[in-house]
Amino acid sequence: MPLMARPFDVCIRGAGIVGRALALQLAAKRLRVALVDPRADDPTTGHSDVRAYALNAASRELLEGLRCWPDAMHATPVLSMQVFGDKGGALRFDASEQTAPALNWMVDVPALEALLVQALGFQSLVTVMSEPCAAPLTVISEGKASSTRAQFGVDFDVQAYPQHALAARVACDVPHRQVARQWFSEHQGQGEILAMLPLDGEEGSTCAVVWSLSPERAQAMQAAPEEAFCQELSAAGRDVLGALKLTSARSVWPLQSAIAKQWCGTNAQGAWVLAGDAAHTVHPLAGQGLNLGLGDVAALSKVLDARPYWRSVGDLRLLRAYARERKAALAMVGGVGDAMQQIFYRNNPLLQSARNWGMSAFSRSGPIKQWLARRAMDMRT
């Protein structure tokens, strides 16, 4: 008589970066995982993603543990970050000040996703399927538009910003020299934020663009001829990187911060918990969205791994401990990004002067500046 298959311990709904990383992390703890990817049976699955993520040391450590850290061409160390205000304010962070190898690493999304998929192919305790299955714990990691979260009746408190993000990639005449740059500016009375982030390794001259614009201007820039778009982009970046050439499609999406009202619970299907963008989203200004999601992965896997042998992975005491820890992390990161967006979106002349003075004063603040930088790098000492 054939042996019965071991039942699943966890069903993860959502096979993005967070869902795949969590599946690998839990399998490494000897849990049997069902990873639900509705596209799993679709042979046409595949897309080009122009985004890149700024990952901190904690995220790098987790991905290296999964053997999914990209190579040097797809994980560019950021040695310096320069921030420019709209009236002469300036702020600079350097890895050398923190005695660290990098402030963070700009990681190419397609390269990271490919490594996660490859690793899952070698993990026998993870089964990828197209439909959910029964398990003591369901993890919802389907992203900010999660259908399962809505199905379970969880409210998602969304704060919409009056801006859209435009993402693209450009080749620059001037090498980026591993510097991430951000400019705050004004266009027709509305604040704009442009980030140019280094890609393609230490000697690269390609940058990822994340540009926060009014919805109307974002749509116009997406539809503009390539030459006109590059001219506008270069002007917004004060021509620091020389002539620019568009090398990708341009993606646009509305900006928001959001948090689920409830992060864990039980229903007729068993226990459930949220992770990643299904639980929270933040403004990209802080550059911490995926770091928060991978922080969820580390925290949830740690809580489940440390449980007594007799306690179920679906025990609400475990899940509530995870939720408390991650809400505390979100409060700091989300609050900083939201405050900066509010400060720089408004173009009141008095506020302009105050915020630019504040940037320059903060740059000279010594211990305060160092503390904030180390928090963002997840170096908390």
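The values are calculated or read from the model by the stated rules, or taken from the named source; none is laboratory data. Not measured: the values here are computed from a predicted model. Cβ atoms come from the backbone with ideal geometry, glycine included; neighbour counts cover every protein chain shown.
Observations on the model:
- Within segment 249-304, tally of residues that are more than 30 Å from Val83 (Cβ to Cβ) and not small (Gly, Ala, Ser): 14
- Residues in segment 181-200 that are of a type outside the set (Lys, Arg) and either within 18 Å of Ala243 (Cβ to Cβ) or modelled with pLDDT of 95 or more (or both) were compared, and the one that is surrounded by the most Cβ atoms within 10 Å (Cβ to Cβ) is Pro198.
- For the condition touching a Lys or Arg at 6+ places or on another chain (Cβ under 8 Å) and either within 30 Å of Leu244 (Cα to Cα) or among the β-branched types (Val, Ile, Thr) (or both), Val154 qualifies.
- Some residue of segment 32-55 being at pLDDT 95 or above and surrounded by fewer than 21 Cβ atoms within 10 Å (Cβ to Cβ): yes
- For beta carbons closer than 6 Å, sequence separation of 6+ or different chains, a first residue in segment 56-68 that is farther than 15 Å from Ala299 by Cβ and a second that is of a type in the set (Phe, Trp, Tyr) and assigned to a loop (DSSP other than H, G, I, E, B), the qualifying pairs are Leu63/Trp69.
- Within segment 79-107, being touching a Pro at 6+ places or on another chain (Cβ under 7 Å) and either more than 16 Å from Ala57 (Cα to Cα) or part of a helix (DSSP H, G or I) (or both) holds for one residue alone: Ala95.
- Those residues of segment 301-321 which are in contact (Cβ under 8 Å) with a residue 40 or more places away in the chain, assigned to a helix (DSSP H, G or I) and either surrounded by fewer than 17 Cβ atoms within 10 Å (Cβ to Cβ) or in contact with a strand residue (DSSP E or B) (Cβ under 7 Å, 6 or more places away or on another chain) (or both), in sequence order: Asp305, Leu316, Leu319, Arg320
- Top-ranked residue in segment 239-286 [being of a type outside the set (A, V, I, L, M) and part of a helix (DSSP H, G or I); ranked as nearest to Ile17 (Cα to Cα)]: Gly276
- Residue match in segment 117-134 (condition: under 19 Å from the mean Cα position of the chain (by Cα) and modelled with pLDDT under 95): no
- With respect to the stated conditions, Gln219 fails to be part of a helix (DSSP H, G or I) and either without any contact (Cβ under 8 Å) to a residue 40 or more places away in the chain or buried (at least 17 other Cβ atoms within 10 Å of the Cβ) (or both).
- Residue match in segment 80-98 (condition: surrounded by 15 or more Cβ atoms within 10 Å (Cβ to Cβ), at negative phi, modelled with pLDDT of 95 or more and among the β-branched types (Val, Ile, Thr)): no
- You will find that of Ser301, Ser257, the residue that is under 15 Å from Leu319 (Cβ atoms) and not hydrophobic (A, V, I, L, M, F, W, C) is Ser301 and no other.
- Residue within segment 223-238 that is crowded, with 19+ Cβ neighbours inside 10 Å, part of a loop (DSSP other than H, G, I, E, B) and over 19 Å from the mean Cα position of the chain (by Cα) present: yes
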